[in-house]
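Some notes on the structure that comes next.
The values are calculated or read from the model by the stated rules, or taken from the named source; none is laboratory data. What you are looking at is a predicted structure, and each value in this text was computed from that prediction instead of being measured. Reconstructed Cβ throughout: ideal geometry from the backbone, glycine too, with neighbour counts over all protein chains shown.
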Amino acid sequence: MLPEFHTGICDADSGGFLFDLECLSDDFICQFNEFVSLMKRKISLLFCLLSLMTVFVCCSSPRAEKPKYLWVAIDANFERLSTKDSICFYLDKMKETGFNGVVVDVKGVEGSVLYKSDFIPKLTKVKDFSCVRDWDYLGYFIEQARKRDISVCVSAAIFPVGSPYHGVGPVYEDENLRKFTCLEYTPSGMKKIEDDTSQVGAFMNPLLPESRAYALRMLEEIFTRYEFDAFCLDYCRFAGAQCDFSPATREAFEDYLGEKLERFPEDVFSYDADGARVPGKYYKQWWTFRSLAIRDFISEIRDLRDRVAPEVKLHYWAASWLHAIYVNGQNWGSPRAEYYKDYEYDWATPDYGKTGFADLLDVFITGTYLERIWGADDPESIEYGINRSIRDVMGDCSVHGSLYAKNTVEDFDDAVYLSLSRTEGLMVFDMIQVVQNKLWNKIKAGIERAENENRQFSSL
């Protein structure tokens, strides 16, 4: 029988009721305390059991398989993949080796394409080999990859529209494109980039609305005409330190500074007798301005992706040595990163870090194309490059390690293992080097080593 409560005495502060505990018997209070103590023990035990069950479920469930991509460059593999049978053969080889993804390159620096485009010419010749397909190269690649449960990442060189060294590409056929290409500032004077045979590609000026519109139109075609898993931005940058110095870029830079330049390009930099750059009045501001332009354009690309193909992951490839590619406008780090403040870089403004674009990406593919594999304190090692990339991205996006299949050939399995075990994915560049250097078995061994280690960890 419960004791009588004195109800009706209201606690104005709490809105509840007060009871006269003095009316409760000692036996009741003792029993009640024992009951409370018992319930506390049971609840505590329950929480322990739930925690153990959570740990068991998490540990017993296998970790998701990491992406492992093989890059298929458009030009280097043009002849090798000229038939449907050859595409199927190498997709089977990728699957057998342990790859679960392929990067299909559909536009290289020569500017022509291997997909259905309404305005960019189709690539039909590389060096001395010609091939005119009556079938859709990209469409067939996607179809056959799907049959083998292989993910497809499409890649394209964003700003190049021709190869100066070979003198081929749309820029040499379309006079209108020459209006948008870069004007180089060299020790010997100004020259159009498409006339400079030392350049890897005839880049459009990333600052021009016309250049951006051309690239965005290409991307929208690919996004809307094909179903695939990811898109990798390649050559989405300035051509180098010497580009661009056109009147349009001068005007854009003056708008950025909020003042007119008295001497251009000398206010940015000049050259000494040996051809080395001599910093001018606005040297530091120049690099921040350019990096900000690339961030702004990647933001435009992301908006396009979100609008027409939100399921497609946005990837970006760049060299892992972030501090050395500022001349290209490639600040792939987090906009929160301040790595440049740890060193005495004579090119960085205090707000350079804000130009980072890792937060606009889903995946950063870090190019550790280096000759040494191990060495946490060795700036010329793959291990160092991976660690630096993870640090500077600061978790804004995933990091995938990437390897050049011409380097560390003898120990390529170690390089594969390192990249796959330390990052969230792997990319090997390029298929032609894998074939020529007979690396299939080494890649397979590296993948199996990393994945066996992952399974062992998951079973703990």
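Residue-wise test of (1) touching a His at 6+ places or on another chain (Cβ under 9 Å); (2) at pLDDT 95 or above; (3) of a type in the set (Lys, Arg).
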{"residue": "Leu50", "(1), (2), (3)": "no, no, no"}
{"residue": "Val55", "(1), (2), (3)": "no, no, no"}
{"residue": "Ser60", "(1), (2), (3)": "no, no, no"}
{"residue": "Arg63", "(1), (2), (3)": "no, no, yes"}
{"residue": "Trp71", "(1), (2), (3)": "no, yes, no"}
{"residue": "Lys84", "(1), (2), (3)": "no, yes, yes"}
{"residue": "Asp92", "(1), (2), (3)": "no, yes, no"}
{"residue": "Lys95", "(1), (2), (3)": "no, yes, yes"}
{"residue": "Val102", "(1), (2), (3)": "no, yes, no"}
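Starting from residues that are outside any strand (DSSP E or B) and β-branched (Val, Ile, Thr), keep the ones in the stretch 411-437 and report whichever is farthest from Val102 (Cα to Cα). Across the stretch 411-437, the extreme among qualifying residues is Thr423. Filtered by the rule that a residue be farther than 21 Å from Phe364 by Cα and buried (at least 17 other Cβ atoms within 10 Å of the Cβ), the stretch 286-309 gives Trp286, Trp287, Phe289. Take the conditions (1) over 18 Å from Val171 (Cα atoms); (2) touching a helix residue (DSSP H, G or I) at 6+ places or on another chain (Cβ under 8 Å); (3) surrounded by fewer than 17 Cβ atoms within 10 Å (Cβ to Cβ); Glu259 misses just one of them, which is (2). Whenever a residue of the stretch 413-426 is within 19 Å of Lys438 (Cα to Cα), its partners that are crowded, with 20+ Cβ neighbours inside 10 Å and of a type in the set (Ser, Thr, Tyr), lying with C-beta atoms within less than 8 angstrom and at least six residues away or across chains, give the pairs Asp414/Thr408; Ala415/Thr408; Leu426/Tyr69; Leu426/Ser402; Leu426/Ser419. Restricting attention to the stretch 91-124, the residues being surrounded by fewer than 20 Cβ atoms within 10 Å (Cβ to Cβ), touching a residue at least 40 places away in the same chain (Cβ under 8 Å) and under 27 Å from Pro160 (Cβ atoms) number 5. Candidates Arg455, Arg449, Arg391, Arg422: the one that is under 15 Å from the mean Cα position of the chain (by Cα), charged (D, E, K, R) and surrounded by fewer than 24 Cβ atoms within 10 Å (Cβ to Cβ) is Arg391. Only residues that are over 30 Å from Arg455 (Cα atoms) and crowded, with 23+ Cβ neighbours inside 10 Å were counted in the stretch 62-77, giving 1.
Residue-by-condition table, conditions (1) surrounded by fewer than 18 Cβ atoms within 10 Å (Cβ to Cβ); (2) assigned to a loop (DSSP other than H, G, I, E, B):
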{"position": "Tyr340", "(1), (2)": "no, no"}
{"position": "Gly353", "(1), (2)": "no, no"}
{"position": "Leu370", "(1), (2)": "no, yes"}
{"position": "Lys406", "(1), (2)": "yes, yes"}
{"position": "Val409", "(1), (2)": "yes, yes"}
